[in-house]
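Report on one structure; see the data block that follows.
The values are calculated or read from the model by the stated rules, or taken from the named source; none is laboratory data. All values derive from a computational prediction rather than experimental measurement. Glycine gets a Cβ as well: all are built from the backbone with ideal geometry, and neighbour counts include every protein chain shown.
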Amino acid sequence: MAQRDIAAERASVNTEIAGQTLVDWLRRAAEDYGELPALSDRIEGSETGSEAEWSTHTWAQYRQAALDTAAAFVATGLQPGEVAALMLSNRSEHVIADTGTVHAGGVPLTVYATFSPEQIDFVVQDCQASVAVLEGAAELQRWSQALANNPRLHTVVLLDPTAVPASVEEGRRYVSWADFIAEGARAYAADPAAVTARMEAIRPEDPATLLYTSGTTGNPKGVFETHHQILFQCTISLRANNTPAHAITLCYLPLAHIAERVLSIYMPLKVVGHLHFCPDLTRLGEFLGLVRPHGLFGVPRVWEKMQARLTAALEAAPEEQRTAIQQASEVARRYLEQGQYGRSPDAELSAKFAEVDAQVLAPIRALIGLDRAEFCLTAAAPMPEDTVRFFAGLGLLVRDLYGMTENCGAVTINRPEAYRLGSVGPPSEGIEVRIADDGEILVRGPINVSGYHNRPEDSAALVDDDGWLHTGDVGHLDEDNFLYVMDRKKELIVTAGGENIAPAAIESRLKEHPLVGQALAYGDNRPYPVALLTLDSEVLPGWAAEHGLDGLDLAQLAEHPTVLAEIGRAVEHANSGLARVQQVKRWRLLSDEWSVDTEELTPSLKLKRRVIHRKFADVLDALYDD
């Protein structure tokens, strides 16, 4: 392994971004490429292929909208450093409100749309937000507790004009987004000096956004990210990817998540990209076909669901076609596996891959809207090996990366020219990673935050005196400095026999069977691991029809002997690849999938283990009854 010069790596990035802020990046994009498209919203009801299908802001229009919005924030009383809280769907107004806040010297905060009224109230109090921008009546209702308890929040802007309250409330102003922006446009046109002064006062070390961790228990933790941290993250991430200039991308994950903010708000400023908005995660497949982005980031659950849909579709194809696809897929897998460790596949395999890719695989990728994808990325949880191999069989290398809100996104990443399947890649430029004596992953670099907002004890535990951020994850580095993540430190199972087991490793094996949608391994202070499983609702109908079970609903199928026998075989297969102490001795198939709405998943689609443990405590206890 070549010795890295960390200081030189950091100096290279710092030289590239010296003295710059997000304001500078947007100004440069608008000045140099003002007529290119920047933000596009789908016009619902429009016909596919129609020129009027999308409503689009050019880069010049986007910047002007941000300046007008900044003027509106200034006029309404937002002071430098104050927080504007946003709860909006993925749409251009969301990004414009965010960027406008920054240009006014404020700090934008996107609040997870799944937060409870109590969590919203906590967040508003914790950050002392003075302005809120909300979608409509439903959001206003959910903010009622926060509004009642926080008189400092003096202005509420509502995207839906019909949701603006008719009655006047003393000390608080309610205004529609359209009126708010119109007022800002008039103010900026009359005298741009106030906004200009705010922009000129912004420094790289100033906060550019505030995020709150989605959390599984307790109150969310606030994390400020500075302009310098964000620009550093964007620079090292772009250097590690094949992101083309003017890349076409799709925003579909919550903008309260650091990964989506980096990919959809910040990186497009640098590459002068064209961002399209998907308003609902359930419509991702539809929008991929419409947009055909140059890349896709998805947490493992997104890739797993896509795999399930494609598997069902491919299995319905004629036998001759299925055979051709299977043969082509095996070639693609060998090709990508040979490309690991920076190696080049042999000439014969490369030629064969080029042939089957053009004839068989590229048309399949076109069907799912990934024919132009230059990069495919995943993070947030371990990616099942079966899912990685499935997409490799389509000629798509889904590369793992690793990072947290607390370090502004990715700190390791598999690169196109240097990847290892199963790892999350080597450290990014300027970033140091080491493993503590107890196996915890420690990170040091310019993108680390200094701590949590208003949480001195938690902050002290997060970053030590030497600048190492304690991630709470456990893993190991191989001889070439590729990182492998096992699980969250606090989520490791310690059996009654004292064995340390990573539940994620068991769950990944269980989910390799297409019928298994979700899995949770359990066994802390118990004699052996057990599992809770759910069925994949997208694969299940086709499988049920093939086995003469069509017409039965999900609950009926979850109890049917044929389904239970198949799940039993899935567990046996998973156990065959696990150490004896990891093997699942008993399991239970549940009748409903877990979701964000039913609170078993975080907004980033990770398991809320303690919630599941509590909700299904009786079921788990029963699995240990003799």
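Inside segment 245-260, can you point out the residues that are in contact with a strand residue (DSSP E or B) (Cβ under 9 Å, 6 or more places away or on another chain) and closer than 23 Å to Asp32 by Cβ? So that I can check it myself, show each step before the final result.
Keep residues of segment 245-260 that are in contact with a strand residue (DSSP E or B) (Cβ under 9 Å, 6 or more places away or on another chain), which gives 246-260.
Listed by number, the residues that qualify are His246, Ala247, Ile248, Thr249, Cys251.
Within segment 576-626, the residues that satisfy the criterion of being within 23 Å of Ile258 (Cβ to Cβ) and among the hydroxyl-bearing types (Ser, Thr, Tyr) are Ser595, Thr602, Ser604.
Residues in segment 270-283 that are out of contact with any strand residue (DSSP E or B) (no Cβ under 7 Å at 6 or more places or on another chain) and either assigned to a helix (DSSP H, G or I) or buried (at least 17 other Cβ atoms within 10 Å of the Cβ) (or both): Lys270, Val271, Val272, Leu281, Thr282, Arg283. In segment 480-487, is there at least one residue being aliphatic (A, V, I, L, M), modelled with pLDDT under 95 and either surrounded by fewer than 21 Cβ atoms within 10 Å (Cβ to Cβ) or assigned to a strand (DSSP E or B) (or both)? Within segment 480-487 (the criterion being aliphatic (A, V, I, L, M), modelled with pLDDT under 95 and either surrounded by fewer than 21 Cβ atoms within 10 Å (Cβ to Cβ) or assigned to a strand (DSSP E or B) (or both)), the answer is yes, since at least one residue qualifies.
Taking the options Ser176, Ser167, name whichever one is at pLDDT below 95, over 28 Å from the mean Cα position of the chain (by Cα) and of a type in the set (Ser, Thr, Tyr). Please lay out each step first, then the result.
Working: Ser176 fails: at pLDDT below 95.
None of the other options fit; the residue is Ser167.
On the basis of being of a type in the set (Asp, Glu) and crowded, with 20+ Cβ neighbours inside 10 Å, does Glu225 make the cut?
Values: of a type in the set (Asp, Glu): yes; crowded, with 20+ Cβ neighbours inside 10 Å: yes.
Against the criterion (of a type in the set (Asp, Glu) and crowded, with 20+ Cβ neighbours inside 10 Å), Glu225 qualifies.
With respect to the conditions (1) free of Cβ contacts under 8 Å to residues at least 24 places away in the same chain; (2) among the acidic types (Asp, Glu); (3) in a strand (DSSP E or B), Asp473 falls short on a single one, namely (1). Among the criteria (1) crowded, with 21+ Cβ neighbours inside 10 Å; (2) touching a residue at least 60 places away in the same chain (Cβ under 8 Å), the one Ala84 does not fulfil is (2). Residues in segment 488-505 that are over 23 Å from the mean Cα position of the chain (by Cα) and either buried (at least 21 other Cβ atoms within 10 Å of the Cβ) or in a strand (DSSP E or B) (or both): Ile493, Val494, Asn500, Ile501. Every condition in (1) surrounded by fewer than 22 Cβ atoms within 10 Å (Cβ to Cβ); (2) at pLDDT 95 or above; (3) part of a helix (DSSP H, G or I) holds for Met267 except the one numbered (1). Of everything in segment 284-338 that is among the basic types (Lys, Arg) and over 21 Å from the mean Cα position of the chain (by Cα), the residue that is surrounded by the most Cβ atoms within 10 Å (Cβ to Cβ) is Arg333.
I'd like to check something: does segment 201-215 contain any residue that is of a type in the set (D, E, K, R), outside any loop (DSSP other than H, G, I, E, B) and either at pLDDT 95 or above or not assigned by TED's automatic domain parsing to the domain that holds Leu67 (or both)? It would help to see each step written out before you state the result.
Narrowing segment 201-215 to residues of a type in the set (D, E, K, R): 203, 205-206.
When the remaining residues are screened for being outside any loop (DSSP other than H, G, I, E, B), the result is none.
Looking for residues that are of a type in the set (D, E, K, R), outside any loop (DSSP other than H, G, I, E, B) and either at pLDDT 95 or above or not assigned by TED's automatic domain parsing to the domain that holds Leu67 (or both), one finds none in segment 201-215, hence no.
Residues that are over 21 Å from the mean Cα position of the chain (by Cα) and over 14 Å from Leu86 (Cα atoms) were ranked within segment 104-136; the one that is surrounded by the most Cβ atoms within 10 Å (Cβ to Cβ) is Ala104. Please determine whether any residue of segment 198-216 is over 31 Å from the mean Cα position of the chain (by Cα), surrounded by fewer than 22 Cβ atoms within 10 Å (Cβ to Cβ) and of a type outside the set (Ser, Thr, Tyr). Looking through segment 198-216, at least one residue is over 31 Å from the mean Cα position of the chain (by Cα), surrounded by fewer than 22 Cβ atoms within 10 Å (Cβ to Cβ) and of a type outside the set (Ser, Thr, Tyr). Considering the conditions (1) free of Cβ contacts under 8 Å to residues at least 12 places away in the same chain; (2) closer than 24 Å to Leu255 by Cβ, Ala193 is excluded by exactly one of them, (2).
Has segment 412-431 got at least one residue that is under 18 Å from the mean Cα position of the chain (by Cα) and not in a loop (DSSP other than H, G, I, E, B)? Taking every residue of segment 412-431 in turn, at least one turns out to be under 18 Å from the mean Cα position of the chain (by Cα) and not in a loop (DSSP other than H, G, I, E, B).
Assigned to a strand (DSSP E or B), over 21 Å from the mean Cα position of the chain (by Cα) and farther than 21 Å from Leu605 by Cβ: does that describe His453? Spelling it out, it is not the case that His453 is assigned to a strand (DSSP E or B), over 21 Å from the mean Cα position of the chain (by Cα) and farther than 21 Å from Leu605 by Cβ. Of all residues in segment 539-551, none are within 25 Å of Val611 (Cα to Cα) and surrounded by fewer than 21 Cβ atoms within 10 Å (Cβ to Cβ). Of Gln307, Gln326, all but one fail to be farther than 23 Å from Leu377 by Cα and at pLDDT 90 or above; the exception is Gln326.
Looking only at segment 506-538, filter to residues that are acidic (Asp, Glu) and under 18 Å from His613 (Cα atoms); which one of those is surrounded by the most Cβ atoms within 10 Å (Cβ to Cβ)? Can you show your working first?
We begin by selecting, within segment 506-538, every residue acidic (Asp, Glu); these are 507, 512, 524, 536, 538.
Next, only the ones that are under 18 Å from His613 (Cα atoms) stay: 507, 524.
Values: Glu507: 23, Asp524: 15.
My answer is Glu507.
Anything in segment 561-587 that is of a type in the set (Gly, Ala, Ser) and either in contact with a strand residue (DSSP E or B) (Cβ under 7 Å, 6 or more places away or on another chain) or assigned to a helix (DSSP H, G or I) (or both)? List them, or say none. Correct list: Ala565, Gly568, Ala570, Ala574, Ser576. Here Ile441 fulfils each of the conditions (1) farther than 26 Å from Cys127 by Cβ; (2) of a type in the set (A, V, I, L, M, F, W, C); (3) in contact with a helix residue (DSSP H, G or I) (Cβ under 8 Å, 6 or more places away or on another chain) apart from (3). Being within 13 Å of Asp41 (Cβ to Cβ), in a helix (DSSP H, G or I), assigned by TED's automatic domain parsing to the domain that holds Ala146 and modelled with pLDDT of 95 or more is the requirement here; does Val74 meet it? The answer is no for Val74. The residue of segment 176-196 that is surrounded by the fewest Cβ atoms within 10 Å (Cβ to Cβ), among those that are under 19 Å from Val95 (Cα atoms) and among the hydrophobic types (A, V, I, L, M, F, W, C), is Ala178. Tyr624 passes every criterion in (1) surrounded by fewer than 17 Cβ atoms within 10 Å (Cβ to Cβ); (2) of a type in the set (Ser, Thr, Tyr); (3) not in a loop (DSSP other than H, G, I, E, B) apart from (3).
On the basis of being over 20 Å from Leu281 (Cα atoms), out of contact with any Pro (no Cβ under 9 Å at 6 or more places or on another chain) and assigned to a strand (DSSP E or B), does Tyr341 make the cut?
Numbers: over 20 Å from Leu281 (Cα atoms): yes; out of contact with any Pro (no Cβ under 9 Å at 6 or more places or on another chain): yes; assigned to a strand (DSSP E or B): no.
Spelling it out, it is not the case that Tyr341 is over 20 Å from Leu281 (Cα atoms), out of contact with any Pro (no Cβ under 9 Å at 6 or more places or on another chain) and assigned to a strand (DSSP E or B).
Which one of Val388, Val398, Val443, Val411 is over 25 Å from Ile17 (Cα atoms), β-branched (Val, Ile, Thr), buried (at least 22 other Cβ atoms within 10 Å of the Cβ) and at pLDDT 95 or above? Lay out the reasoning, then the answer.
Working: Val388 fails: at pLDDT 95 or above; Val443 fails: over 25 Å from Ile17 (Cα atoms); Val411 fails: over 25 Å from Ile17 (Cα atoms).
When all the criteria are applied, what remains is Val398.
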